[in-house]
1. Counting only residues 5 or more places away or on other chains, whose amide H sits under 5 Å from the amide H of LYS109 once H atoms are built in the peptide plane?
2. Taking neighbour counts of Cβ atoms within 10 Å as a proxy for exposure, in what order, fewest first, do SER240, SER289 appear?
3. If I model a spin label as a point 7 Å beyond the Cα along the Cα-Cβ vector, how far apart are those points for SER376 and LEU302 in nm?
4. From the phi angles alone, apply the Karplus equation (6.51, -1.76, 1.60; θ = phi - 60°) to segment 146-157 and give each ³J(HN,Hα) in whole Hz, x where the residue is Gly or Pro.
5. List the GluC sites (Glu not before Pro) within segment 326-363 that DSSP assigns to loop and that have no more than 15 neighbouring Cβ atoms inside 10 Å.
6. What is the order of LYS370, LYS109, fewest Cβ neighbours within 10 Å to most?
7. How many nm separate the modelled label positions at VAL388 and ASN149, each set 7 Å beyond the Cα in the direction of the Cβ?
8. At a 10 Å Cβ-Cβ cut-off, how would you order PHE4, PHE154, fewest neighbours first?
Amino acid sequence: MNKFIVRQPIKTPDGATFGYEIVFSVENELYNQNRDYAAAENMSSFLLQNSSKVVSKGITFMTVTPNLLFKSMPKMFKPGELVIQIEDNIVIHPLAETIIKRYRDEGYKFCINEFQFAPRYFALLEYVDYIKIDVNIARDKTALNNIMNFGKGFKKKCIITGINDADLYEMAKYVPADYYQGTYIAEAMVVKSGKSEYLKSNFFQLVVAVNKEEPDIEEIEDIVKRDAFLTYALLKMVNSVHFALRHKTSSIKQAIAIVGLSQLRQWVYLLSFGNNEINENNGEILKLSYQRANFCQELCGLVPLNISKSDAYLMGILSTLDVLVDAPIEEIIEEIPLNENVKEALINHSGSAGTLLKLVLSYEKADWKKIKQYASELDMRTDSLAQVYFDCLEQVNIVWESIINSSLPEDDVTQNIEEVAQNIEEKIDEISEIDEINDIDNIDDMDKSKILE
């Protein structure tokens, strides 16, 4: 039985991520008319194995069927982690009030999905904390405001949902809701930058890594790889006229080797002067690019494609740059010597690489029909997509948690930058020109001592 599961963000009016909704489908439609017990059993089994991967920073919203509710599926999660979403199939159930009271007594919160002016919803209002208002059902700002005012009159937090395109976003953003949600929201609430930025905590991890007495090249590569801006900035620099390479490179490890640690330290030092504050919504997009990169790479290994797994990774991590930078994607990647198939995929979504990217983007949007279409075009089985997605999500959550926990206090940041500056000044004379590289493809096999020079 195929199952598709995706996590979508719920954002505050200023673009910060408040929580996530877990959206899932089994065989196209979990909530079928027969209330399929097999579907409930299948979903419970999956969540039992992956509950730790579902939850991250913020609150998790999840819609449950009566079968899932009566099977105590929500108890796989702690009360403070989960908001139980209910729909008509529970609202009209004769035992609805009894079962909701039981969960409430244990500390769980509830949300009515697609709330409407109807008596069946009013009876349960005292037990819910959130109401969701579908912008497609309300249709205009007046109707949205009326439902919003009604909900707030009962002291409920209001979430406008179903914001799946630019027009709906333009209508919804002027309504004073507490939170907003939809497939368009993940990227809509991002302030574009005219220049490359970087995730602040990633940057300071890089500062520490390059200034160790014996720097670890693999650690430096890992830090750069998980950040779209650092990846873009490094590849753009190493392929610039300054290095005059005979062969261009799109490999992060090769780029680090070409630059050399002394030059890399200077590059990091110069980046510190552009230390603009990164707001939380930009951080969320950078996290999304890292998730895409891992998902693309893992899916690339499932079927034969015209790109390598490392190319698929780059395609994923660079796919958000047009959201973050105020420029067309073709202009942004012009100076990076990417695989032509990757370029076509990023610009036109064409070729098998483009189909893979469209599959990943459709998965993020929970577009079940297109997921099956693109998987079929790639001759890819769909029964393992959910597990691959959540395995990647777990990896991203672990890495991101380590980034957050490793952030330095402001005083330490200042001191660290001053130490880097002093380090650079002491070693600036030691920076030597890069030797001509005759065989760029073999640079991964270079002796590490040469890279450290």
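1. Placed amide hydrogens put ILE84 under 5 Å from LYS109.
2. SER240, SER289
3. According to this spin-label approximation, the distance is 1.6 nm.
4. Coupling constants for segment 146-157: 5, 5, 4, 5, 5, x, 5, x, 9, 6, 9, 6 Hz.
5. Passing sites in segment 326-363 are GLU334, GLU335.
6. The order, fewest Cβ neighbours first, is LYS370, LYS109.
7. Result: 5.0 nm between the two label points.
8. In increasing order of surrounding Cβ atoms, one gets PHE154, PHE4.
Any read-out appearing in this document is the output of simple, stated calculations on the displayed coordinates, not a laboratory observation. Since we're looking at a predicted model, the values are computed, not measured. With ideal geometry, Cβ positions are generated from the backbone for all residues, glycine too; neighbour counts draw on all protein chains shown.
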